[in-house]
Structure formats: C-alpha cells, structure tokens
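As structure tokens, the structure follows; a few thoughts come after it.
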Amino acid sequence: MKENKLKVSFFVQAKRTDKKGLVPVIGRISVGRTHSGFSTKCKTPLTLWDSRKQRLIGKSSMAVSVNQKLGECTALIHARFHELSERKETFTATDVRDAYQGQIHCQTLLLESFGEYLTLTKERIGIDRALKTFKLRTYQLSLLREYVQKKHKVSEIPLSQLDKAFIEGFEYYLTIDRKLKRS
C-alpha cells in the first residue's frame with residue numbers, strides 16, 4: 001500500500017465579506033492527490049489574517065480563540081486520518097473530512113452487518129433456523145467478502161455506498177466470474 005500524506009491548510013475567502021467586515025475561514029484537507037474543503041465555522045477580519053502562517057496575527061481575544069479552534073481542527077483531523085489509515089487500505093480526503101465531521105462513525109458497514117446477522121442466525125439454529133441455512137449464509141458472506149476485496153479493492157464498504165451498480169456487479173461476479181447458477 002502506498003503511504004498517504006495528510007496536509008491540513010486554512011485560507012480565508014475575501015470575496016465573501018459580511019456586513020461586519022468578517023470573512024469565513026475555510027479548511028482544506030489533502031490526502032495524496034485528493035482534496036476536500038470544509039467550513040471551520042470561524043469568521044475573522046481580513047486584516048488580522050496571515051496567509052503564510054494560516055493563522056490570525058496578534059493576541060486579541062478573537063485571534064486567540066480562532067487560532068485555538070484551528071489548532072483543535074487540525075489535531076482532530078490528524079486523529080481521524082490515523083484512525084482511517086489503521087482501518088482502511090485506501091481512502092480519500094473526502095473520507096477524512098466525513099470522519100472529522102462525524103459522518104463516517106455512524107455509517108454501518110456491509111460485511112460487519114452481515115457478520116452480525118450470521119451471529120444471530122447461529123444462535124437461532126434448532127429454534128427457527130436450520131444448520132444448512134447457516135452454512136449457506138456463511139458461504140454467501142465469503143463470496144461477498146471476496147467480491148468486495150477483488151473488485152472494489154477494499155476490505156469493507158459502508159451500506160450507504162451500496163447502489164444498483166454494486167448489486168448488478170455482484171450478480172455478474174457470481175454468475176459470470178464464479179460461474180454459479182441462479183436459483
């Protein structure tokens with residue numbers, strides 16, 4: 001796997017000055033060759049912004065609080081980047097941004113959900129599930145895991161990324177590549 005480098009930078013949008021003379025501070029995450037922007041929800045006077053240091057100049061209460069917020073953003077983004085690099089093989093700047101904004105933690109993963117379903121099925125063997133059903137579902141999970149790893153080149157995929165193309169691709173993989181018959 002190629003090592004991804006993370007860079008977090010901040011800039012102001014001078015063209016979006018509000019009535020009080022404040023401009024929004026925008027963040028930019030770069031991972032490898034991918035980029036993603038996000039709002040820091042901070043506003044600052046354009047005269048206090050140092051574009052080289054990407055921070056506010058001075059020791060005013062506004063400068064200290066905005067600089068502290070930008071430092072916290074950077075630290076949290078780096079933490080989310082390290083979490084993703086431990087968990088996934090490949091990811092983009094958008095994935096890091098989503099993790100930073102809390103969108104990725106609530107996502108349910110396909111193979112993880114299937115594994116939980118199998119655990120529940122195993123507990124129900126002899127009650128309202130047959131052993132043959134459990135073995136069939138285990139085989140289906142192995143086929144699905146194989147498909148995700150070979151065709152999508154990831155170890156896990158969020159349920160939110162499943163679409164018609166994924167389902168048709170999986171069907172094609174089973175019937176053409178694996179030569180399994182439809183039932």
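Read-outs: derived from the displayed coordinates by stated rules, not from any lab. None of these values were measured; they are calculated from a predicted model. When we count neighbours, we look across all protein chains shown, and the Cβ atoms used for this are built from the backbone with ideal geometry, even at glycine.
Cross-link partners among lysines for LYS135, C-alpha distance below 19 Å, same-chain residues fewer than 8 apart left out?
LYS122, LYS181
Taking the chain as a Gaussian network, where each spring joins two C-alpha atoms under 10 Å apart, which residue of ALA99, ALA14, ALA130 fluctuates the most?
ALA130
Assign one of three labels to region 78-183, namely rounded, prolate or oblate, based on the Cα gyration tensor with a ≥ b ≥ c the square roots of its eigenvalues; rounded applies when a/c is under 1.5, prolate when it is not and a/b is larger than b/c, and oblate otherwise.
In terms of gyration-tensor shape, oblate.
Exposure proxy check: TYR100, TYR117 ranked by fewest other beta carbons within 10 Å?
TYR117, TYR100
What share of the DSSP beta bridges in the chain is antiparallel, in percent to the nearest 5?
If I count the DSSP bridges inside the chain, around 95 percent turn out antiparallel.
Give me the lysines in straight-line cross-link reach of LYS15: C-alpha distance below 24 Å, same-chain residues under 8 apart excluded.
Filter leaves LYS41, LYS43, LYS53, LYS69.
Compute the helix-to-body angle for 61-87: its Cα long axis versus the longest principal axis of the chain, expressed 0 to 90° and rounded to tens.
20 degrees
So what is log10(I(q)/I(0)) for the chain at q = 0.14, 0.15, 0.17, 0.18 1/Å, when the Debye sum runs over its Cα atoms only?
So the normalised log intensities work out to -0.87, -0.94, -1.09, -1.17.
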